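Asker: Got a structure here, written out as structure tokens. Questions coming.
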Amino acid sequence: MRPVFARGNSRTVRLLLQLRKEAINDQEPRVAQRFHAIALSIDGYTTSQIAVSLKVHRSSVPLWIDQWNKEREVGLLEGHRQGRPAGLTRQQREQLEDILDSGPVAYGLETGIWTSPVISRVIAEEFDLHYHPGHVRKMLKGLGYSVQRPTTRLVQADPAEKSRWVRYTYPRLKKKPGWKGR
């Protein structure tokens with residue numbers, strides 16, 4: 001197999017080292033590593049020597065060199081990672097938002113609050129997609145919804161009676177040291 005080298009000269013190496021410094025300052029270590037690899041390749045190092053010195057897999061270096069030779073600096077920058085495609089389309093997400101905004105009672109549920117398992121079932125019924133409740137929470141956060149935790153209050157409680165209980169009854173119920181602990 002023929003060795004692969006990056007195209008450039010000593011001025012290109014100086015530019016690459018400057019770009020490497022900028023990438024380090026921008027906290028982009030992977031990009032800085034790629035610029036360093038290309039500079040080493042222009043200086044005459046083989047791909048295996050570069051891989052050993054930078055502690056990367058030997059198959060990565062030829063890919064970086066190829067990207068450099070085709071697109072220069074732009075080919076070495078971090079791109080957007082695709083990841084797994086979204087299950088819900090934009091239109092389905094909007095439809096889900098409408099369902100959530102209308103409330104669980106309007107949807108036909110007896111409960112007054114949305115929970116992630118309930119929303120997971122709604123998504124399965126409406127769109128025939130099965131999401132784990134943990135993922136539903138992440139998806140809702142991405143849609144701009146936040147977690148709301150209900151507070152427990154005694155709606156019909158008498159404020160004076162509550163104050164009396166907190167001041168007198170509750171302190172007497174608290175544990176006190178026994179006769180051995182005194």
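Asker: Take ARG30 and decide whether it is of a type in the set (Lys, Arg), farther than 30 Å from VAL147 by Cα, in a loop (DSSP other than H, G, I, E, B) and open to solvent by 40 Å² or more (accessible area, probe 1.4 Å).
Answerer: On the way: of a type in the set (Lys, Arg): yes; farther than 30 Å from VAL147 by Cα: yes; in a loop (DSSP other than H, G, I, E, B): no; open to solvent by 40 Å² or more (accessible area, probe 1.4 Å): yes.
Judged against the criteria, ARG30 is not a match.
Asker: Is it the case that the stretch 76-93 has a residue that's small (Gly, Ala, Ser), part of a helix (DSSP H, G or I), at pLDDT below 90 and surrounded by 11 or more Cβ atoms within 10 Å (Cβ to Cβ)? Before you say what the answer is, go through the steps one by one.
Answerer: Narrowing the stretch 76-93 to residues small (Gly, Ala, Ser): 79, 83, 86-87.
Retained after the next criterion (residues that are part of a helix (DSSP H, G or I)): none.
Within the stretch 76-93, not a single residue is small (Gly, Ala, Ser), part of a helix (DSSP H, G or I), at pLDDT below 90 and surrounded by 11 or more Cβ atoms within 10 Å (Cβ to Cβ).
Asker: Just to be sure, is PRO133 touching a Ser or Thr at 6+ places or on another chain (Cβ under 9 Å), closer than 30 Å to LEU17 by Cα and not aliphatic (A, V, I, L, M)?
Answerer: Values: touching a Ser or Thr at 6+ places or on another chain (Cβ under 9 Å): yes; closer than 30 Å to LEU17 by Cα: no; not aliphatic (A, V, I, L, M): yes.
It is false that PRO133 is touching a Ser or Thr at 6+ places or on another chain (Cβ under 9 Å), closer than 30 Å to LEU17 by Cα and not aliphatic (A, V, I, L, M).
Asker: Here are ILE38, ILE65, ILE50: which of them is in a helix (DSSP H, G or I), buried (at least 17 other Cβ atoms within 10 Å of the Cβ), touching a residue at least 60 places away in the same chain (Cβ under 8 Å) and over 20 Å from the mean Cα position of the chain (by Cα)? If you could, list the steps in order and put the result at the bottom.
Answerer: On the way: ILE38 fails: touching a residue at least 60 places away in the same chain (Cβ under 8 Å); ILE50 fails: touching a residue at least 60 places away in the same chain (Cβ under 8 Å).
Of the residues listed, the single one that is in a helix (DSSP H, G or I), buried (at least 17 other Cβ atoms within 10 Å of the Cβ), touching a residue at least 60 places away in the same chain (Cβ under 8 Å) and over 20 Å from the mean Cα position of the chain (by Cα) is ILE65.
Asker: Just one of (1) farther than 30 Å from MET139 by Cβ; (2) out of contact with any Gly (no Cβ under 7 Å at 6 or more places or on another chain) trips up GLN67, so point out which.
Answerer: Tallying (1) farther than 30 Å from MET139 by Cβ; (2) out of contact with any Gly (no Cβ under 7 Å at 6 or more places or on another chain), GLN67 fails exactly one: (2).
Asker: Looking only at the stretch 101-132, filter to residues that are polar (S, T, N, Q) and assigned to a loop (DSSP other than H, G, I, E, B); which one of those is surrounded by the most Cβ atoms within 10 Å (Cβ to Cβ)?
Answerer: So the first thing to find is which residues in the stretch 101-132 are polar (S, T, N, Q), and the list is 102, 111, 115-116, 120.
Then drop every residue that is not assigned to a loop (DSSP other than H, G, I, E, B), which leaves 111, 115.
Working: THR111: 10, THR115: 13.
For the stretch 101-132, the residue satisfying everything is THR115.
The values are calculated or read from the model by the stated rules, or taken from the named source; none is laboratory data. A quick note: this is a predicted structure, and the numbers were derived from the prediction, not measured. No Cβ is skipped: glycine too gets one built from the backbone with ideal geometry, and neighbour counts run over all protein chains shown. Heads up: the accessible areas ignore ligands, DNA and RNA and are worked out on the full protein's heavy atoms, side chains in. Shrake-Rupley method; radii C 1.70, N 1.55, O 1.52, S 1.80 Å.
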